[in-house]
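Structure first, commentary second.
The values are calculated or read from the model by the stated rules, or taken from the named source; none is laboratory data. This one's a predicted model, so the numbers in the text were calculated from it and none came from an experiment. FYI the Cβ positions are ideal-geometry reconstructions off the backbone, even for glycines, and counts take in every protein chain you see.
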Amino acid sequence: MSITYRTGLSALAVFALAAPAMAGNTLIPPGLRVAVAKSAMTVVPSIEWNKLGARPGRNSESWTQDGDDLNDLTFYGGIEAGRPLFREVDKKNQPLPKVSATMLITDIPVLLENSYRVALGAASFKVDLVEPLPFAGNKGVRFTYSFSKQNETLQRRGEARGAVIAGKLYLITYEAPGLYYYDRSAAAFRAVAESVRL
Amino acid sequence: MVKPFRTLLAALCLSLLAAAPAFAQEKTGAKPGFVLKPGTARVVLMRPSILVGAQSTGGMFEPNADWTDQAKENLAAALAAAQTGLGNSVVAYAEPVGADSARVAEYQELFDAVASSVIEYQFFAGNRLPTKKRKDQFEWGLGREVGALPGLANADYALFITTEDHFGSTGRKVLQLFAAMANVGVTAGVHKGFAGLVDLRTGDLVWLNADMQMGGDVCDPAGAGKRVRQLFEGFPGKPVEAPVSGTPAAVR
């Protein structure tokens, strides 16, 4: 192997290491039905979104308008029983709660809350409203919540819709800071959530 | 959604960026068409967010109250000295009390989140969002309601400033040395500086200067002066000065 080739390979290795964070963010155009989260779940966005190259976990994906800290639309497409909602943060000391095939729809907000409490440290999290709402023609739930991250006073709001279908969890969450950003994209999130099909 | 893994990767990428100047990213952005003529606007300087601490060997941040107090004192003096040279009237914000004070603090954190998003999703070309890639595009803001904060009624712009310094511990510096021997880029220290100008009529972020590795040791009066000069580099309406070197702040 020539030195030049090897240098090229090392450079490639550096890029490969950096790749997941740089992995192409792609444009999601409005008006077209798209499959999301490597699953059978499809939605039709009303406006354009950016799909982030980095995924929160297996069978999930995130869309944003201005960055995931300012507006985050995440799809969980059929998380199987025994798996956490997203990647473990500290599996040994603080394992994330797992999806159960026998979950009731009212267990979905509890799963999200407990997962966030682990992932976001001692941050505050409050479920504000829980109501039944069909999800892709199945018995589902809609809930709203508010939380703040560790060492932050910036209040964030969230709304989610989900269901347990054939033992797997399907969930769409939308989160943004309560100041300005939440209201700015809330209607666009609802358009996506209402278009969901399986 | 949370992103612990991505944060690590982002940190890794930042380390790589710091190790390879060829990857240097943009540091300043302004809304297309935005110009601020000297002597035409009233700018209110919001209370700067200043935090100083140590970075452990593992990269964790440990805030230090003494260093932070020292930096606050030094930066306040440096800002007061710089305020008169910005081309427009810059006055310090009269902080409200009670619930309004909490709201001001939230806006400061919102500014931090926006500035961090601009760095991650616009300045860093490799990770730019497709909707932020369009030519001459700089669409960021805090929302029109920021202008309704008490005390801003007669102002045209709000100037937000954030500095956060994580000085690398001895362990971190040793790790950096060994990592360098293994050809792996590890940064010792973070020297974050954001300065942003927000139009109070529209809530738009019209100018931002943001960098994760600014120069100047904020715990030292001369270093704080250097940091402030770097924060105001390219400030709209400011008379042109010699550029400030971007060498990262000295380790403690």
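Within segment B:35-74, how many residues turn out to be assigned to a loop (DSSP other than H, G, I, E, B) and exposed (fewer than 14 other Cβ atoms within 10 Å of the Cβ)?
Qualifying residue count, segment B:35-74: 7.
Based on what the data block shows, is A:V118 touching an Asp or Glu at 6+ places or on another chain (Cβ under 9 Å), on the phi < 0 side of the Ramachandran plot and assigned to a helix (DSSP H, G or I)?
Considered against the rule, which asks whether it is touching an Asp or Glu at 6+ places or on another chain (Cβ under 9 Å), on the phi < 0 side of the Ramachandran plot and assigned to a helix (DSSP H, G or I), A:V118 comes out as yes.
Let's see how each residue does on (1) in contact with a Lys or Arg (Cβ under 7 Å, 6 or more places away or on another chain); (2) buried (at least 22 other Cβ atoms within 10 Å of the Cβ); (3) charged (D, E, K, R); (4) at negative phi:
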residue: B:F138; (1), (2), (3), (4): yes, no, no, yes
residue: B:G143; (1), (2), (3), (4): no, no, no, no
residue: B:P150; (1), (2), (3), (4): no, no, no, yes
residue: B:N154; (1), (2), (3), (4): yes, no, no, yes
residue: B:K192; (1), (2), (3), (4): no, no, yes, yes
residue: B:G203; (1), (2), (3), (4): yes, no, no, no
residue: B:D220; (1), (2), (3), (4): no, no, yes, yes
residue: B:V228; (1), (2), (3), (4): no, yes, no, yes
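Quick one: in segment B:1-32, of everything that is modelled with pLDDT of 90 or more and of a type in the set (G, A, S), which residue is farthest from B:C219 (Cα to Cα)?
Checking each candidate, the answer is B:A30.
Can you give me the number of residues within segment B:68-93 that are touching a residue at least 40 places away in the same chain (Cβ under 8 Å) and closer than 21 Å to B:R229 by Cβ?
Selection size over segment B:68-93: 17.
Yes/no matrix, rows are residues, columns are (1) assigned to a helix (DSSP H, G or I); (2) within 14 Å of chain B (Cβ to nearest Cβ); (3) modelled with pLDDT of 90 or more:
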residue	(1), (2), (3)
A:M1	no, no, no
A:A18	yes, yes, no
A:A54	no, yes, yes
A:L73	no, yes, yes
A:A81	no, no, yes
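Which ones in segment B:147-168 are more than 22 Å from B:F232 (Cα to Cα) and in contact with a Leu (Cβ under 7 Å, 6 or more places away or on another chain)?
B:G147
Quickly run through segment B:216-252 and pick out the residues that are basic (K, R), over 16 Å from the mean Cα position of the chain (by Cα) and at pLDDT 60 or above.
B:K238
Give the number of residues within segment A:123-138 that are within 25 Å of A:K149 (Cα to Cα), hydrophobic (A, V, I, L, M, F, W, C) and in contact (Cβ under 8 Å) with a residue 24 or more places away in the chain.
So the count comes out to 2.
Only one of these conditions is not met by B:D66: (1) more than 17 Å from B:V198 (Cα to Cα); (2) within 14 Å of another protein chain (Cβ to nearest Cβ); (3) of a type outside the set (S, T, Y); (4) over 19 Å from the mean Cα position of the chain (by Cα). Which number is it?
Every listed condition holds for B:D66 apart from (2).
Got a sec? Which strands (runs of 3 or more DSSP E) wholly within segment B:123-239 have at least 1 residues that are touching a residue at least 12 places away in the same chain (Cβ under 8 Å) and of a type in the set (K, R)?
B:190-199
Scanning segment A:169-192 for residues that are surrounded by fewer than 21 Cβ atoms within 10 Å (Cβ to Cβ) and more than 13 Å from every other protein chain (Cβ to nearest Cβ), which turns out nearest to B:Y107 (Cα to Cα)?
Among those residues, the one meeting the criterion is A:A186.
Every residue, every condition in (1) closer than 13 Å to B:Y121 by Cα; (2) in contact with a Leu (Cβ under 7 Å, 6 or more places away or on another chain), yes or no:
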residue	(1), (2)
A:E48	no, yes
A:R55	no, no
A:T64	yes, yes
A:L70	yes, no
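For (1) among the basic types (K, R); (2) touching a strand residue (DSSP E or B) at 6+ places or on another chain (Cβ under 6 Å); (3) within 8 Å of another protein chain (Cβ to nearest Cβ), each residue gets a yes or a no:
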residue	(1), (2), (3)
B:Y107	no, no, yes
B:A125	no, no, no
B:P130	no, yes, yes
B:K133	yes, no, no
B:F138	no, yes, no
B:L142	no, yes, yes
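Evaluate the following for B:A113: is it at the interface with another protein chain (Cβ under 8 Å from one of its Cβ atoms), free of Cβ contacts under 8 Å to residues at least 60 places away in the same chain and within 24 Å of B:E73 (Cβ to Cβ)?
It is false that B:A113 is at the interface with another protein chain (Cβ under 8 Å from one of its Cβ atoms), free of Cβ contacts under 8 Å to residues at least 60 places away in the same chain and within 24 Å of B:E73 (Cβ to Cβ).
Please state which one of A:L85, A:L120, A:L96 is more than 30 Å from B:R134 (Cβ to Cβ), within 13 Å of chain B (Cβ to nearest Cβ) and in contact (Cβ under 8 Å) with a residue 40 or more places away in the chain.
None of the others qualify; the one that does is A:L85.
Being outside any loop (DSSP other than H, G, I, E, B) and either hydroxyl-bearing (S, T, Y) or surrounded by fewer than 16 Cβ atoms within 10 Å (Cβ to Cβ) (or both) is the filter here; which residues of segment A:121-159 pass it?
A:K126, A:D128, A:L129, A:E131, A:P132, A:N138, A:T144, A:Y145, A:S146
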